[in-house]
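Taking it in order: structure first as structure tokens, then the write-up.
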Amino acid sequence: GAGVSQTPSNKVTEKGKYVELRCDPISGHTALYWYRQSLGQGPEFLIYFQGTGAADDSGLPNDRFFAVRPEGSVSTLKIQRTERGDSAVYLCASSPGTSGGRGEQFFGPGTRLTVL
Amino acid sequence: AQSVTQPDIHITVSEGASLELRCNYSYGATPYLFWYVQSPGQGLQLLLKYFSGDTLVQGIKGFEAEFKRSQSSFNLRKPSVHWSDAAEYFCACTGGFKTIFGAGTRLFVKA
């Protein structure tokens, strides 16, 4: 079946602009995660959704970052007033069930964000 | 606080040789532990996981890992490395809803 998809695959923007990154999880997966991966680092947890609600958003670095999942499927990560330090690969993962991060996570290919 | 340390930034092994990648975690309770692999242009793929029970867990592609509570370690091993194993390997620990990843170890395989 189809895996996790993320669009766009690459996004180049200018400092101060607003961007939206989209994640389509595996059909039927109720859990969805966003991570940020900087060069030479492991994925950094941003937010976890169970259904439509954010069960843990403690990883969002500041209030410029916001994520939604209005119908419990597709999720959008929104970044306002982008800064050069936001440049990274943003990863989305989904998982069946309600066990939080304790279940296997299926990762998408990521969106590479470059802020000029 | 929850943390994961992978002491080796990169490791080079000869094809056919054995491999051990180190991982140390810090978590107050019994953690859920994972190893993921990331190949160039590919997404992260789960190799194996430990939740409870037998401390030696088997994964895909011939990998195994051993959970040692006394050492707070979850090292990944493979008895004979293939050239296709060259990739970045990440150890991860989940407590509650949050998964923390180590910085990764890049594996190079020489002929």
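The values are calculated or read from the model by the stated rules, or taken from the named source; none is laboratory data. On a predicted model such as this, the values are computed, not experimentally measured, just so you know. Please note: Cβ atoms are built from the backbone with ideal geometry, for glycine as well, and neighbour counts cover all protein chains shown.
Numbers at a glance
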{"quantity": "Set B:Ser80, B:Ser70: member being more than 14 Å from every other protein chain (Cβ to nearest Cβ), touching a residue at least 12 places away in the same chain (Cβ under 8 Å), over 24 Å from A:Thr111 (Cα atoms) and of a type outside the set (A, V, I, L, M)", "calculated": "B:Ser80"}
{"quantity": "Sole residue being of a type outside the set (A, V, I, L, M, F, W, C), in contact with a helix residue (DSSP H, G or I) (Cβ under 8 Å, 6 or more places away or on another chain) and in contact (Cβ under 8 Å) with a residue 12 or more places away in the chain, chosen from A:Tyr90, A:Tyr18, A:Tyr35, A:Tyr48", "calculated": "A:Tyr48"}
{"quantity": "Pick from segment B:51-65, criterion within 11 Å of the chain's Cα centre (by Cα) and outside any loop (DSSP other than H, G, I, E, B), ranking: farthest from the other protein chains (Cβ to nearest Cβ)", "calculated": "B:Glu64"}
{"quantity": "Selection count where residues are small (Gly, Ala, Ser) and without any contact (Cβ under 8 Å) to a residue 24 or more places away in the chain, scope segment B:87-105", "calculated": "1"}
{"quantity": "Some residue of segment A:86-100 being away from chain B (no Cβ under 14 Å), at pLDDT 95 or above and in contact with a strand residue (DSSP E or B) (Cβ under 8 Å, 6 or more places away or on another chain)", "calculated": "yes"}
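This table checks each residue for (1) outside any loop (DSSP other than H, G, I, E, B); (2) within 25 Å of A:Arg102 (Cβ to Cβ); (3) within 11 Å of chain A (Cβ to nearest Cβ).
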{"site": "B:Val4", "(1), (2), (3)": "yes, yes, yes"}
{"site": "B:Asp8", "(1), (2), (3)": "no, no, no"}
{"site": "B:Val13", "(1), (2), (3)": "yes, no, no"}
{"site": "B:Ala17", "(1), (2), (3)": "no, no, no"}
{"site": "B:Glu20", "(1), (2), (3)": "yes, no, no"}
{"site": "B:Gly28", "(1), (2), (3)": "no, yes, no"}
{"site": "B:Leu33", "(1), (2), (3)": "yes, yes, yes"}
{"site": "B:Tyr36", "(1), (2), (3)": "yes, yes, yes"}
{"site": "B:Pro40", "(1), (2), (3)": "no, no, no"}
